[in-house]
Amino acid sequence: MYAARVTKTGGPEVLEFAEVETPAPGPGRVLVKVAASGVNFIDTYFRSGVYPRALPSVLGSEGAGTVEALGAGVTGLAVGDRVAWADDNAGSYAEYDVINADRLVTLPEGIDLETAAALMLQGMTAHYLLNSAWQLKAGETALVHAAAGGMGLLLTQLAKARGARVIGTTSSAAKELIAREAGADEIVRYTEVEDVAAEVRALTGGRGVDVVYDGVGKDTFDASLGSLRKRGLLALYGGASGQVPPFDLQRLNRGGSLFVTRPTLADYIATREELEWRSGEIFAAVLDGSLKISIGARFPLNQAADAHVALTGRGTTGKLLLIP
């Protein structure tokens with residue numbers, strides 16, 4: 001089979017398209033023929049070495065496809081079943097992938113494979129951010145950075161569905177339109193203002209927002225803290241612009257007894273029950289029309305490096321997929 005892998009860490013150029021041995025499913029594992037693999041910022045962290053892992057390594061943390069073969073002891077699945085997954089160690093940039101059976105979810109009728117591949121990691125991330133990291137309530141206000149991106153669009157739609165107010169940040173008028181179509185109430189174009197936090201406070205009558213959902217990281221961290229109300233939460237779920245350097249915890253005191261969390265999806269789908277709950281609810285949201293999935297671009301598997309360039313260039317909207 002063919003896969004996109006790295007043998008050394010670095011920029012997008014270290015991603016190589018290579019023929020590798022098709023894996024065999026061991027006990028408790030399942031061989032899946034990959035129909036589509038999601039491209040996520042966490043993949044760039046593994047590629048660059050921000051998150052270390054053994055090399056050589058096939059990248060890819062998310063995908064969807066059909067069951068090809070079952071390892072010993074696997075029950076509840078059959079060859080031909082349509083399945084999806086989100087797993088940091090998956091290696092989904094490939095024609096075939098082997099996944100632990102307890103990490104796979106079967107797809108309901110009405111959810112196609114590309115939608116599932118675009119939804120699993122970011123959809124369940126949005127779910128835990130809104131339901132567990134901070135339980136967003138009707139009437140509360142959330143600041144969503146990069147509101148026209150894949151995560152931003154999901155967070156905005158799900159937040160609006162529960163009656164929250166959403167202030168989004170974008171870089172351009174075109175992206176503002178996309179974010180507003182997803183339901184954003186207000187937009188701050190960070191490229192056109194000197195002080196994002198001041199703009200957000202003006203939009204909230206000086207109070208600040210209840211929660212900030214920040215996947216950008218280094219470039220937005222100060223504005224995120226400055227936008228919070230007293231005892232508000234910054235959910236720093238990614239670092240698209242780079243990792244946030246160490247900071248003085250007294251800033252949280254001075255800002256109004258603030259909270260900061262640096263969560264990761266794996267800790268919020270650690271049990272089978274959580275995995276089924278989060279995936280089930282995001283599938284249901286797609287099926288009832290309250291959540292629309294935007295696929296921004298599809299790249300052939302042999303163009304994985306180009307997909308990474310597009311993603312990190314911050315010029316994309318919606319979700320990027322690799323198609324074997």
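The values are calculated or read from the model by the stated rules, or taken from the named source; none is laboratory data. Source: prediction; values computed, not measured. All Cβ positions, glycine included, derive from the backbone under ideal geometry; neighbour counts span all protein chains shown.
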Point to revise | Qualifying residue in segment 215-227 (condition: acidic (Asp, Glu), assigned to a loop (DSSP other than H, G, I, E, B), free of Cβ contacts under 8 Å to residues at least 24 places away in the same chain and not assigned by TED's automatic domain parsing to the domain that holds Arg278) | key: yes
Check your understanding: Which residues, taken from segment 20-30, are under 26 Å from the mean Cα position of the chain (by Cα) and of a type in the set (A, V, I, L, M, F, W, C)?
Key -> Val30
Exercise for review: Find the residue count for segment 153-163, including only residues that are surrounded by fewer than 23 Cβ atoms within 10 Å (Cβ to Cβ) and touching a Ser or Thr at 6+ places or on another chain (Cβ under 8 Å).
Suggested key: 2
Check your understanding: For segment 1-19, how many residues meet the condition of being outside any helix (DSSP H, G or I) and within 23 Å of the chain's Cα centre (by Cα)?
Key -> 8
Review point. Which residues, taken from segment 166-187, are without any contact (Cβ under 8 Å) to a residue 40 or more places away in the chain and in a strand (DSSP E or B)?
Key: Val166, Gly168, Thr170, Glu186
Point to revise | Subset of segment 239-277 that is on the phi > 0 side of the Ramachandran plot and touching a strand residue (DSSP E or B) at 6+ places or on another chain (Cβ under 9 Å) - its residue that is surrounded by the fewest Cβ atoms within 10 Å (Cβ to Cβ) | key: Ser257
Practice item. Might you check whether a residue that is of a type in the set (Ser, Thr, Tyr) and in a strand (DSSP E or B) occurs anywhere in segment 250-262? Key: yes
Point to revise | Complete set of residues in segment 304-318 that are assigned to a helix (DSSP H, G or I) and of a type outside the set (S, T, N, Q) | key: Ala304, Ala305, Asp306, Ala307, His308, Val309, Ala310, Leu311
**Study point:** Test for Val34: is it closer than 21 Å to Leu322 by Cα, part of a strand (DSSP E or B) and out of contact with any helix residue (DSSP H, G or I) (no Cβ under 8 Å at 6 or more places or on another chain)
**Key:** yes
Practice item. May I ask you to say which residue of Gly73, Gly63, Gly91, Gly49 is closer than 26 Å to Arg278 by Cα and either modelled with pLDDT under 95 or charged (D, E, K, R) (or both)? Key: Gly91
Practice item. Say whether the condition of being modelled with pLDDT under 95 and within 17 Å of the chain's Cα centre (by Cα) is met by at least one residue in segment 244-263. Key: no
